[in-house]
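Here the structure is laid out as structure tokens; the discussion comes afterwards.
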Amino acid sequence: MNKVVYIIILGLTILSCGKDEAPPALNFYDSYFPIEMGVYVDYYVQEINHDASSSVPHDTSTYYMRALIEDTVIDNQGRIAYKYIRLTRLDLDDEWQVSDVWTTINNNHKIELIEENRRKVKLVLPPNTYDVWDANIYNSLNQMNCYYEDIHEPYSINSISFDSSVTVQQENVLNLVEFKKKYEVYANHVGLVKKQFKDLVISNFDTLNITSGQELTLNCIGFGIQ
């Protein structure tokens, strides 16, 4: 066979094979917030309510919480969603008590959580460094622009190690009279493993001189499927 003809045939064969190959499927990493019946995450929770004029200016409470995905339900937008049940107990030996029944949905790779009838966008997937989204776009709360940090990075908490996690930065404000620090960490195939919420009125940039506000910390202590 003529060498030139052979090269042409070989080139056409390669092109033909290339056309037949399907492009690789995009991994959206929906597994950073698994929505499956029975999936749960347990937390140790600390709440601090600050009020300098109160008899207890820094009222602190601690308890345990479980976030559990249960069966489907119609959410406040008329969509099929899943129950996101929060159960609490004061001690590890106590029985779980239902605290809240919220709903959650994966809406075209946007993870939405309806908290107290307020729809919030928790994650926009797949995670990347370019996305910025308003978590409160579907409710009446003030705009809260979120973005990712530490994408697909290992993360450890309470002696539990996760191979891959993402951090969602929500607010980080420090000025003369306010200190806001809010972020969440999600582990792959687990969900939310860390939440830090600080919304404080302070004096003269001093984050320890708190006039009023709230702090909430959730730390994962276990997870699984029941």
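The values are calculated or read from the model by the stated rules, or taken from the named source; none is laboratory data. This structure is a prediction, so every number in the text was calculated from the model and none was measured. Note: ideal-geometry Cβ built from the backbone for every residue, glycine included; neighbour counts use all protein chains shown. Ligands, DNA and RNA are excluded from the accessible area calculation, which covers all protein heavy atoms including side chains. Shrake-Rupley method; radii C 1.70, N 1.55, O 1.52, S 1.80 Å.
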> If a residue has to be exposed (fewer than 11 other Cβ atoms within 10 Å of the Cβ) and either assigned to a strand (DSSP E or B) or touching a strand residue (DSSP E or B) at 6+ places or on another chain (Cβ under 9 Å) (or both) to count, how many in the range 133-155 make the cut?
Replying inline: 2
> If Thr60 passes every condition in (1) within 16 Å of the chain's Cα centre (by Cα); (2) without any contact (Cβ under 8 Å) to a residue 40 or more places away in the chain but one, which one does it miss?
Replying inline: (1)
>> If I filter the range 49-96 down to residues being touching a Leu at 6+ places or on another chain (Cβ under 6 Å) and in a strand (DSSP E or B), which single residue comes out as surrounded by the most Cβ atoms within 10 Å (Cβ to Cβ)?
In response: Arg66
> Are any residues in the range 156-170 open to solvent by 40 Å² or more (accessible area, probe 1.4 Å) and part of a strand (DSSP E or B), and if so, which ones?
Replying inline: Ser156, Ser161, Asp163
>> Is it the case, given these coordinates, that Asn219 is outside any strand (DSSP E or B), open to solvent by less than 70 Å² (accessible area, probe 1.4 Å) and either closer than 27 Å to Ser54 by Cβ or not charged (D, E, K, R) (or both)?
In response: no
> Which of the residues that make up the range 195-207 are surrounded by fewer than 20 Cβ atoms within 10 Å (Cβ to Cβ), part of a strand (DSSP E or B) and not acidic (Asp, Glu)?
Replying inline: Lys195, Gln196, Phe197, Val201, Ser203, Thr207
> Does the range 110-132 hold any residues that are in a loop (DSSP other than H, G, I, E, B) and open to solvent by 60 Å² or more (accessible area, probe 1.4 Å), and which are they?
Replying inline: Glu116, Asn117, Thr129, Tyr130
> Among Val101, Val185, which is open to solvent by less than 20 Å² (accessible area, probe 1.4 Å) and modelled with pLDDT of 95 or more?
Replying inline: Val185
